[in-house]
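The structure appears right after this line, and notes come after that.
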Amino acid sequence: MAGRIRDEDITVVRERTSIADIISETVTLRSAGGGNLKGLCPFHDEKTPSFTVAPARNVYFCHGCGAGGDAIKFLMDAEHLTFVESVERLADRANIQLRYMEAGPAPVRQQQGQKQRLVAAHAAAAEFYAGQLGTAGARPAREFLAQRGFDRTAAQTYGCGFAPDAWDPLTKHLRQKGFTGPELVTAGLSREARSGSLIDRFRGRLLWPIKDLTGDVIGFGARKLLDADDGPKYLNTPETPIYKKSHVLYGISQAKREIARQGRAVIVEGYTDVMACHLAGVPTAVATCGTAFGTDHITVLRRLLMDTDAVAGEIIFTFDGDAAGQKAALRAFEDDQRFVGRTFIAVSPDNMDPCDLRLAKGDLAVRDLVARREPLVDFALRHILNRFDLDTVDGRVEAMRQAAPLVAKLKDREKRPEYVRKLAGDLGMEIEPVQRAVLHAAAQPATGTTRRGAAAEPARPGRPVPVVDNPQSMVEREALKLALQVPVLAGPMFDALAPESYLNPVHQAVRAGIEAAGGAASATAGAVWIERVRDACGDLGAAALVGELAVEPLRIDAEPDPRYVSITLARLEWGAVTTRIRDLKSKVQRVNPAANKDEYFTLFGELLSLEQHARALREQAMGGL
């Protein structure tokens, strides 16, 4: 095993990493004021963005689920990396040479974490397959691409490759590069033959590399070319530690920036459709990889689209006009309710997919296909009505019964009355019975799992719910934020204040964590300091709160200065002192001055001293506020 990475190198990685750059590869971030950024949390589903990134301190925190940390923690949680793998990924990105306590200046490749090894194996395989596309044996693959309108440049742009029609050329190639047999099997690049030896998973096929959001190759899609191949038309990488087909969208790494910029995603059905759309001027096209479009795909797109109540994105499905395509479109309508944004469908009048459409009618026809989109609900309603004979009473009534639940499902309730009128017109019925049918359908209890976004999200167990509904708790939070966000400024004054000044137990634990981390006076702002405090918190709730306070804006419009720190800490101490005064007054009232003269005068003298101290603190706290 490789030795432990030196602490000072980890510190350098934290300081040189731009957390906004790392997170923006997965989540669309927009300004939230005060230098902070906000987006939809990648770790839980939400309709309103609560995921906050503080670039100045290189930390993030989600106010919805409590996830938080620095860039290292983000990669660990978002990409399921180990701590070492995350540090190595960021170090490689920033050209930082890591030093290991026992293994010299750098680890050898065999000592990398599993995910890095699998990603490296796929990168080497993609390079091998791309090189094979120019060989004599790959002629069927080149002809396939050419027949679909893709030249050599397009093939290179999308990394198209060819798997030789032989048993194990890729396996031998990767083994020569140092990858082990078990690694190749785990990666889905090789498999065991009946003889027990390893052979290539893909043979005699045209291949497309499938990349994740960061651009790493994590799998392949393979198209059958040879008559002798008795396998399926399309064969994909099996489920592996890095390839989960329900999470993967082909073309997402190339389309993500345009999806975020345009607020639009076009869902197509195949690899060549993605290529055709991109080349035709629809750069937001993506496709599923061997599975139906589902919940996890929605989660990926919503974060890129910034699909929220305030910012509604557009999702455009393109399906063939045949029965299978219509079935897929209706299934998509069920998923439509998971989006806040508007959902559309685009069906070619000639039932051609985007690739065939581009071949037959050119790039403009593909762009027009997307431009002529219609709301998905209109398509779904029309599909239902087409199943009934609307010239008969029975047909109209049954069509109404079938269509009413669809209208009732519309997430935008303001659209329901309009669709009630539209449905009544299409059926040739009065509005009242159609309206009653829709209201009845809407009143029916939901079956199965609760639709995402239909109700408020429950609080995550174990996450503290800070008390912020009283002035004392608010000022305690502000003082802790100063110590975490601007420790150089707040340090000496903050550290001098007794821990007893904090009344909230979780705030007390954070204050103890700051002291255990060396005190604010010993720190410099940034992710390293915040992680030090988080690690020093013995209480899990306090550790989570550290992440929240690290990104929460200070309650001042300008940059904080010593005067603001002084006023805030005076308010903090004044609040604690007044609480002690209230308790002491209650105690004095319970003491009989005749029977317990000494105790009474002792308490009374302490009360007078505290009240005098409180007046001084109040003057300091009110100065300038």
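Coordinate-derived values only; no laboratory data. Keep in mind the model is a prediction, meaning the values are calculated, not measured. Here Cβ is always computed from backbone atoms with ideal geometry, including for glycine, and neighbour counts include all displayed protein chains.
Converting the Cα gyration tensor eigenvalues of region 158-295 into ellipsoid dimensions via √(5λ) gives semi-axes, longest first, of 29, 16, 13 Å. In summary, the helical segments of the chain meeting the span-like criteria, namely a full DSSP H run, a Cα extent along the axis of 30 angstrom or more and a mean Kyte-Doolittle hydropathy of at least -1.0, are 562-590, 597-622. Rg/Rh for region 34-191 (Cα atoms only, Rh after Kirkwood) is 1.09. Taking every DSSP beta bridge that has both ends in the chain, the antiparallel portion is near 75%. Once both labels are positioned 7 Å from their Cα atoms along Cα-to-Cβ, the gap between ASP561 and ARG372 label points is 6.5 nm. The Cα atoms of region 387-443 cover 31, 18, 17 Å along the three principal axes, with the biggest extent listed first. Over all pairs of different C-alpha atoms in the chain, the reciprocal of the mean inverse distance, the Kirkwood hydrodynamic radius, equals 28.8 Å.
Here region 528-625 yields Rg over Rh of 1.16, to two decimals, using C-alpha coordinates and the Kirkwood radius. When Rg and Dmax are taken over the Cα atoms of region 20-65, they come to 9.5, 26 Å. In the chain, helices alone account for a calculated mean residue ellipticity at 222 nm of -15500 deg cm²/dmol, with every DSSP H run of four or more residues adding -39,500 (n - 2.57). Annotation note: GluC sites (Glu not before Pro) in region 229-320 located in DSSP loop regions with a Cβ neighbour count of at most 13 within 10 Å are GLU239.
For the chain, the relative contact order is 11 percent, taking Cα pairs closer than 8 Å that sit 6 or more residues apart in sequence and dividing their mean separation by the residue count.
The label point for LYS233 and the one for THR524, both projected 7 Å from the Cα toward the Cβ, are 6.1 nm apart. Shown is the FRET efficiency for SER586 and LEU364, computed with R0 = 60 Å from the Cβ-Cβ distance and rounded to the nearest 0.05: 0.15. Could you tell me the relative contact order of region 7-111? Use alpha-carbon pairs under 8 Å, at least six residues apart, and round to a whole percent. Computed value for region 7-111: 21 percent relative contact order. Quick one: pull the percentage of alpha-carbon pairs in region 521-570 with a separation above 16 Å. Tail of the P(r) past 16 Å holds 53 percent of the pairs. The three principal axes of the Cα atoms in region 7-111 give end-to-end lengths of 47, 25, 19 Å, sorted in falling order.
Of the trypsin sites (Lys or Arg not before Pro) found in region 1-79, the ones in coil according to DSSP and having at most 13 other Cβ atoms within 10 Å of their Cβ are ARG4, ARG6.
For region 472-543, just say rounded, prolate or oblate: build the C-alpha gyration tensor, square-root its eigenvalues into a ≥ b ≥ c, call rounded for a/c under 1.5, and beyond that prolate if a/b exceeds b/c, oblate if not. Because a/c hits 1.5 or more and a/b fails to exceed b/c, region 472-543 counts as oblate.
Remark: C-alpha extents of region 114-236 on the principal axes read 39, 36, 23 Å, sorted largest to smallest. Restricting the chymotrypsin sites (Phe, Trp or Tyr not before Pro) of region 139-175 to loop positions (DSSP other than H, G, I, E, B) with no more than 14 neighbouring Cβ atoms within 10 Å leaves TRP167. Here region 575-625 and region 466-532 have alpha carbon centers that stand 26 Å from each other.
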